[in-house]
Amino acid sequence: MTNEKFKSEVDTLKKFYEKHCWDKHTNHKSLTKTLEYKGIKYDVELKLCKECHDLIDYSFDRLKNCPYEIKPKCRTCPAPCYDKPQWKQVAKLMRYSGMQFGLLKIRKFFARDKK
Ligand SMILES: [Zn+2]
């Protein structure tokens, strides 16, 4: 995938992990992680609990090793690279956060509509 795509995938992971972790877990810790992809380094600041930090490292690793030039959605990937237990956890948190963001959008939409 392109570096732009990689960067946007990292941002999405960060957004979804943090939403879920902030709502569900305690003991958040800020850490800056440096990711390298195709010779370019990215600093990502993350505020997560210990377990989510570990899990997102796993997600970043999988993302870096994604063999597709045009990355499919992980959900519809023909060759899923996540191990089962991690996939279960990540699918759950993505679903949760996706729903929360979806609700926010709907609320904003109606708020705007009223004016
Ligand atoms: Zn967490």
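Readers should treat all values here as calculations from the given coordinates under stated rules, not as data from a laboratory. This one's a predicted model, so the numbers in the text were calculated from it and none came from an experiment. Note that we place each Cβ from the backbone using ideal geometry, even for glycine, and neighbour counts take in every protein chain shown.
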* Kindly express, to the nearest 10 degrees and within the range 0 to 90, the angle between helix 84-114's C-alpha long axis and the longest C-alpha principal axis of the chain. => 30 degrees
* Which of 104, 76, 60, positive extreme of dipole for the chain (C-beta unit charges) -> 104
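If the chain between residue 54 and residue 81 were fully stretched, how many nm would it gain, using 0.36 nm times the residue separation less the Cα-Cα distance?
Contour length minus the Cα-Cα distance gives 8.0 nm.
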* How large is the dipole of region 3-114 about the Cα centre if only Lys and Arg carry +1 and Asp and Glu carry -1, each at its Cβ, rounded to the nearest 20 debye? -> 540 debye
* Structure fact -> Hits in region 1-44: amide N under 17 Å from the 7 Å Cα→Cβ extension of residue 70, namely 1-6
* Asked: Over region 3-114, how many percent of alpha carbon pairs lie in each 5 Å bin up to the one with the longest distance?
  -> 2, 10, 20, 22, 19, 14, 7, 4, 2, 0
